[in-house]
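See structure below.
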Amino acid sequence: MTDAAQARSAVREASRIVIKIGSSSLTTPEGQLDKAKLIALVDTAADLVAQGKQVVLVSSGAIASGLGPMGLSHRPRELATQQAVASVGQGILLASYSSEFGRHGIQVGQVLLTADDVDRRAHYRNARQTLAQLLALGVVPVVNENDTVATNEIRFGDNDRLAALVAHIVEADALILLSDTDSLYDRHPSDPDAKAISVVASSDRLEGVDIGGPGSGVGSGGMKTKVEAARIAGAAGIPVVLTSAAQADVAVSGDEVGTIFLPKTTRSNSRL
């Protein structure tokens, strides 16, 4: 069995999975929450729970969910306005998750973090204990950056990095990064000559690959942040699959979709 096949198998057999959902995977281009997209993702997560697996969702979408209700057409640039919109959108987003998971008899719990909660030892331990207890109680944690209090200096910057750090905190067996792109490409996907990269053995192997560029109009991340997230998780021994939200159910099954980032052979320990 190849290293890639072993990594895919590890994803399929994972008992604890972190799934990161990007803003574009939850919203319409106009900024409204797309209930059909959210329901499809919830159904995928609920199926995993029904199989006896533990699932943590790291979900973007608070700011995007608040754009429509606030009468805004684009993500605001000013931090204070972003925080105000996130305050409105976070309630809308969580209510939607609670309702849709409720159809499956599953309770969700909101966990809002800042970079401070990872950098400070006491905060880190508390976050780890809270997430562990939620999972032990059969609750699906819905994690997001605490946009309403985060500042430019302490922001994670995007939920890709947050997802990688959460995967490390909860000692996940796999991390799934979902976006509007089905794979990592060797150049911008709009380029007709772009080729999908199915396996990344090391971030060092990506020299010469164009992974720059901004994210979607409703999110803050981009391919560069996803590769960085995969590097962080991989260093902790966690395999990472990058693919589109439309292929989420196939990705968590360990099938050959998207791009798989191979982890280090040994796992690092979470900080106590």
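The values are calculated or read from the model by the stated rules, or taken from the named source; none is laboratory data. Keep in mind that this is a model prediction, so the values were computed, not measured. Positions of Cβ are generated from backbone atoms using ideal geometry, with glycine treated the same way; all protein chains shown enter the neighbour counts. We work out accessible area using only protein heavy atoms, side chains counted, and drop any ligands, DNA or RNA first. Shrake-Rupley method; radii C 1.70, N 1.55, O 1.52, S 1.80 Å.
With a Förster radius of 25 Å applied to the C-beta separation of A95 and A122, the computed FRET efficiency comes to 0.20. For the residue pairs K20/K224; K224/K264; K37/K195, alpha carbon separations beyond 18 Å are given by K224/K264; K37/K195. Computed with a 1.4 Å probe over protein heavy atoms only, the accessible surface of segment 27-90 comes to 43 Å² per residue.
For the chain, DSSP calls about 20 percent of its internal beta bridges antiparallel. Label-to-label distance, A235 versus K264, with points set 7 angstrom from Cα along the beta-carbon direction: 0.8 nm. This model, with +1 at the C-beta of Lys and Arg and -1 at the C-beta of Asp and Glu, gives the chain a dipole about its Cα centre of some 720 debye.
Estimated from helical segments only, the mean residue ellipticity of the chain at 222 nm is -12000 deg cm²/dmol, where each DSSP H run of four or more residues counts as -39500 (n - 2.57). Fully extending the segment from V250 to T2, taken as 0.36 nm per residue of separation minus the present Cα-Cα distance, adds 87.3 nm.
Scaled to the globular estimate 2.2 N^0.38 Å, the Cα spread of the chain, given as radius of gyration, is 0.94. Between V200 and I260, F261, L262, the built amide H atoms are under 5 Å apart, and every one of these is 5 or more places off in sequence or on another chain.
Solvent-accessible area assigned to carbon and sulfur over segment 66-130 amounts to 48 percent, based on a 1.4 Å probe. Take the Cα of S73, step 7 Å toward its Cβ, do the same at E13, and the gap between the two points is 5.3 nm.
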